[in-house]
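Heads up, the thing below is written out as structure tokens.
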Amino acid sequence: QVRLVESGGGLVQAGGSLRLSCAASGGTFSTSSMGWFRQAPGKEREFVAVVSRNDRTSYADSVKDRFTISRDNAKTTLYLHMDSLKPEDTAVYYCASSRMYLPRNQDSYNNWGQGTQVTISS
């Protein structure tokens, strides 16, 4: 009965910044690893970042110097701070929860949000 709702997407110019949020309810947020994935048109969904229940993090190479994943267990909310955005970051961004430790494979996640659109203009 876990529900995840993303927000914060929008249109941003290249080089700009954006913060995505994922509000969780109806589950054990504090004991889950929480991840961000993204999917561009015509492409497979790809891993972006994940944070464990103990605040350990892992990032895709394409974003590790620009994005920061964090969580607020008191607010049961996951965040993705995105800096130095590029047109290739354009995608629908999804948050997801997992009982595994820092998984990077989407098959390890059992709950998903509806996604939020991020569009980066040149």
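Is one or more of the residues making up region 7-21 closer than 17 Å to TYR109 by Cα and modelled with pLDDT of 95 or more? Full working, then the answer.
The initial filter retains those residues of region 7-21 that are closer than 17 Å to TYR109 by Cα, namely none.
Looking through region 7-21, none of the residues is closer than 17 Å to TYR109 by Cα and modelled with pLDDT of 95 or more.
So, in region 11-30, how many residues would count as being in a strand (DSSP E or B) and surrounded by 13 or more Cβ atoms within 10 Å (Cβ to Cβ)?
Of the residues in region 11-30, 8 are in a strand (DSSP E or B) and surrounded by 13 or more Cβ atoms within 10 Å (Cβ to Cβ).
Which residue is least open to solvent (accessible area, probe 1.4 Å), if the candidates are limited to region 69-95 and must be outside any loop (DSSP other than H, G, I, E, B) and among the hydroxyl-bearing types (Ser, Thr, Tyr)? Can you show your working first?
So the first thing to find is which residues in region 69-95 are outside any loop (DSSP other than H, G, I, E, B), and the list is 69-72, 77-82, 87-89, 91-95.
After this cut, where a residue has to be among the hydroxyl-bearing types (Ser, Thr, Tyr) as well, the list is 70, 77, 79, 93-94.
On the way: SER70: 37, THR77: 18, TYR79: 33, TYR93: 0, TYR94: 42 Å².
It comes out as TYR93.
GLY113 passes all but one of (1) surrounded by fewer than 18 Cβ atoms within 10 Å (Cβ to Cβ); (2) within 16 Å of VAL51 (Cβ to Cβ); (3) of a type in the set (Gly, Ala, Ser); which number fails?
Among (1) surrounded by fewer than 18 Cβ atoms within 10 Å (Cβ to Cβ); (2) within 16 Å of VAL51 (Cβ to Cβ); (3) of a type in the set (Gly, Ala, Ser), GLY113 violates only (1).
Which is more than 20 Å from GLN106 (Cβ to Cβ), open to solvent by 70 Å² or more (accessible area, probe 1.4 Å) and not in a strand (DSSP E or B), of ASP61, ASP55? Step through it out loud before you land on a result.
Working: ASP61 fails: more than 20 Å from GLN106 (Cβ to Cβ).
When all the criteria are applied, what remains is ASP55.
When you go through ARG3, ARG45 one by one, which is the residue that is loosely packed, with under 15 Cβ neighbours inside 10 Å and not polar (S, T, N, Q)? First the steps, then the outcome.
Working: ARG45 fails: loosely packed, with under 15 Cβ neighbours inside 10 Å.
Being loosely packed, with under 15 Cβ neighbours inside 10 Å and not polar (S, T, N, Q) holds for just one of ARG3, ARG45, which is ARG3.
The values are calculated or read from the model by the stated rules, or taken from the named source; none is laboratory data. What you are looking at is a predicted structure, and each value in this text was computed from that prediction instead of being measured. Counting neighbours? That spans all protein chains shown, and the Cβs are built from the backbone with ideal geometry, glycine included. Just so you know, the surface numbers come from the protein's heavy atoms only, side chains and all, with ligands and any DNA or RNA stripped out. Shrake-Rupley method; radii C 1.70, N 1.55, O 1.52, S 1.80 Å.
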